[in-house]
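Reviewing the structure listed below.
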Amino acid sequence: HRGPCIVKPVDGSGSAGVKIVADAAAMLDWAAHERVDCDAQPRLVVEEFVDAPLLSVDGLVADGRLLVAMVSTYTETCYASLASLVPHGVLQLDPRDPRAKAALGYVDRLLSAMPCPHAPPRFPAALFEHGDRGLLLCEIACRTGGGRIRDIARMTLGVDLDQWAALGQSGTDPARLLPAPRRSTRLMGDVLFPNPGRTLFCAPAHSP
């Protein structure tokens, strides 16, 4: 890939330690100045840089079948939040939103193509909304999503992702005992504030 790339830690989170390089020449320049010990394991990965908004799909899956899921949109990418010290929010989308339907369809096809255990693992999947290329997979993991995704799922869908993942791993049949997800009249969100070592703002006396 000859265009912009990112270099990031294999086991990082929230875009911490991410470096954007413009092209192959910039990559060589970065490598020369970074002075990575050739005898050490730097534990870095290089990926294509995609400049696009993000969607998050969080839920439970078993045997490649999507059991329950919800879709949220990022107000900022993790990288932009760190670079500009701006809040990073995750806002749940209405299930009828076309973006939510497209994201659920994408993840459903992705999960059906991946190896998947019978026990219901919970997952977060991050998707780029690219203007020209459509939905692109950023990442998918076997854990509960960051922020307060567990609380959002519990309050809006009536499903505790961590509880059901633990029950599934203990042998509980998810198809028999998983409560039917409900369509909530509420949509939830979560916001994370970067820590710049200074006061970001003072809380108002009243917030609508």
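If R0 is 30 Å, the Cβ-Cβ spacing of Ala52 and Ser170 corresponds to a FRET efficiency of close to 0.15. Within the accessible surface of the chain, defined with a 1.4 Å probe on protein heavy atoms only, the carbon and sulfur portion equals 53 percent.
Once the dipole of the range 20-79 is set up with Lys and Arg at +1 and Asp and Glu at -1 on Cβ about the Cα centre, which of Val45, Val57, Leu28 lies farthest towards its positive end? Among Val45, Val57, Leu28, the one farthest towards the positive end of the dipole of the range 20-79 is Val57. All other residues whose Cβ lies under 15 angstrom from that of Glu76 are scored, Lys and Arg at +1 and Asp and Glu at -1, for a net of -3. Can you check what the net charge comes to around Asp162, using other residues whose Cβ is under 15 Å from the Cβ of Asp162 (Lys, Arg +1; Asp, Glu -1)? Counting the neighbours of Asp162, the net charge comes to +2. The accessible area of Tyr106, taken with all protein chains in place and a 1.4 Å probe, comes to roughly 50 Å². Solvent-accessible surface of the range 45-167, averaged per residue with a 1.4 angstrom probe and all protein chains in place: 47 square angstrom. Ligands, DNA and RNA excluded, the heavy atoms of Asp190 present near 20 Å² of accessible surface to a 1.4 Å solvent probe.
How many angstrom separate the Cα center of the range 64-139 from the Cα center of the range 30-61? Result: 19 Å between the Cα centres.
Ellipticity at 222 nm from helices only: DSSP H runs of n ≥ 4 in the chain, each -39500 (n - 2.57), divided by the residue count, give -7500 deg cm²/dmol.
Sparse packing (at most 16 other Cβ atoms within 10 Å of the Cβ) combined with a DSSP loop state is found for the following trypsin sites (Lys or Arg not before Pro) in the range 1-107: Arg2, Arg35, Arg43, Arg96.
Among Trp164, Trp30, the sequence by solvent-accessible area, most first, with a 1.4 Å probe is Trp30, Trp164.
Taken over the C-alpha atoms, the range 37-83 has Rg and Dmax values of 16.7, 46 angstrom.
The values are calculated or read from the model by the stated rules, or taken from the named source; none is laboratory data. Note that the structure is predicted; figures quoted are calculated from it, not measured. Cβ coordinates were reconstructed from backbone atoms using ideal geometry, including for glycine residues, and neighbour counts include every protein chain displayed. For the accessible areas, the whole protein counts, side chains as well, though only heavy atoms, and no ligand, DNA or RNA atoms are used. Shrake-Rupley method; radii C 1.70, N 1.55, O 1.52, S 1.80 Å.
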